Every structure is written in structure tokens, then in C-alpha cells.
1. Among residues other than P24 whose Cβ falls under 9 Å from its Cβ, what is the net charge (Lys/Arg +1, Asp/Glu -1)?
2. Dipole magnitude of segment 20-169 about its Cα centre, charges +1 at Lys/Arg Cβ and -1 at Asp/Glu Cβ only, in debye to the nearest 20?
3. With a cut-off of 8 Å between alpha carbons and a minimum separation of six or more residues, what is the relative contact order of segment 4-88 in percent?
4. Provide the descending list of Cα extents for segment 126-167 along its principal axes, expressed in whole angstroms.
5. How large is the dipole of segment 4-88 about the Cα centre if only Lys and Arg carry +1 and Asp and Glu carry -1, each at its Cβ, rounded to the nearest 20 debye?
6. Using θ = phi - 60° and the Karplus relation 6.51 cos²θ - 1.76 cosθ + 1.60, list the HN-Hα couplings for segment 6-12 in order, rounded to whole Hz, with x at every Gly or Pro.
7. Provide the three semi-axes, in whole Å and in decreasing order, of the ellipsoid equivalent to segment 99-161 as defined by the square roots of 5 times the Cα gyration tensor eigenvalues.
8. State the Cα centre-to-centre distance between segment 1-32 and segment 129-169 in whole Å.
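Only the coordinates and a few stated rules stand behind these numbers; no lab work does. Values in this document were obtained by computation on a predicted structure and should not be read as measured data. Reconstructed Cβ throughout: ideal geometry from the backbone, glycine too, with neighbour counts over all protein chains shown.
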Amino acid sequence: MEDLLQVGVITGTHGLKGEVKVFPTTDDKNRFLDLEDVLLDTGGELLELKVEYVKFFKKFVFVKFEEFDDINQVEQYKRCPLMVTRENAVPLEEDEYYVADLLGLTIVDDSGITIGKLENVIETGANDVYEVLTGDGSRILLPAIKDCILDVDMDEGIILVHMLKGLND
């Protein structure tokens, strides 16, 4: 399991005082209100930053870090992910999982046949969709609904599914 979880990606700067515009990659962008620290993944190192304040505009979050007071200090961090430690992540409800923990799990149908590996989770609004890479290199999309996703066994690394009619076509 990943020790760090991504909560957003810096898409640009905002204003002249060092604010950054963040595209949230978490289910609830309001979780930024509770963040005190984040880790900025520069690609070469992780910078621990203190959150001074956050603001919201449409689908974006504007974040001001205590360490930066000028646009020139933050411009270099465009496209850099913002991470939190697992301890600072939003607690999960029953039958909820972090996407980072699901990726790579083996998908097995209820007859015991291995379908492939979970490669991506697509958020659609109504329900998530699991993109599965099969052994022959093709892709299958599975709706993340109770009729299709029967069980997630993190210890075994398996997601048990029921292949609804038409999903394999």
C-alpha cells in the first residue's frame, strides 16, 4: 500500500502573492479546509509545506503556503502533485478504499476466472468505473456497483466481480 496519497495537482499560479491553483484529486475538495501540511512532489524531492489558507472557485482550490510569498517562487511547481501521508488522509467508511490501494489488484469473476488487473478508476459522477487490463491486452470497463463488485480482499489482492451481461462483449 502507498504511504502517500495524492490530494491534488498544482495547475498554475493565482495572483502575485504565491497562491497556487490546485485541481483536487480527492472525492471531497472541502478536505483542503482541514489540511495543515502537504507534501509537494517536485519529481526529485518532497517539500513539506504548511497551508496558510485555502479558497474555492468552481472546481479548483486556491492554496497559499506559508513558505511562499511571491509568484516567482511557485511558478516552477506547475503540474506537481500535492500529497498527504496516510495518517493525514480522510478516514474511510466501511467498504471504501483509496484508489491508490486498489490499482494493480487482480480482478477475478465469481466463477474463479482471472479477468486481469485493475489499471484505472474513472469517476463518472453516478458511480466509479473500474478499467481492467486483461491478459490479452484488451480493456474491460466494470461499473463499481454492488451487483458487479462483490468483494474486495486487500489481504489477498483480489477484487471478486460478477460479470454482468454485456460487459465482456
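1. Working: positive: K29, R31, K59; negative: D27, D28.
Counting the neighbours of P24, the net charge comes to +1.
2. With only Lys, Arg, Asp and Glu charged at Cβ, the dipole is about 820 debye.
3. 43 percent
4. 26, 25, 18
5. Dipole about the Cα centre, nearest 20: 560 debye.
6. Couplings: 7, 10, x, 9, 6, 9, x Hz.
7. Details: eigenvalues 51, 36, 28 Å².
Each semi-axis is the square root of five times an eigenvalue, giving 16, 13, 12 Å.
8. Using only Cα atoms, the two centres lie 30 Å from each other.
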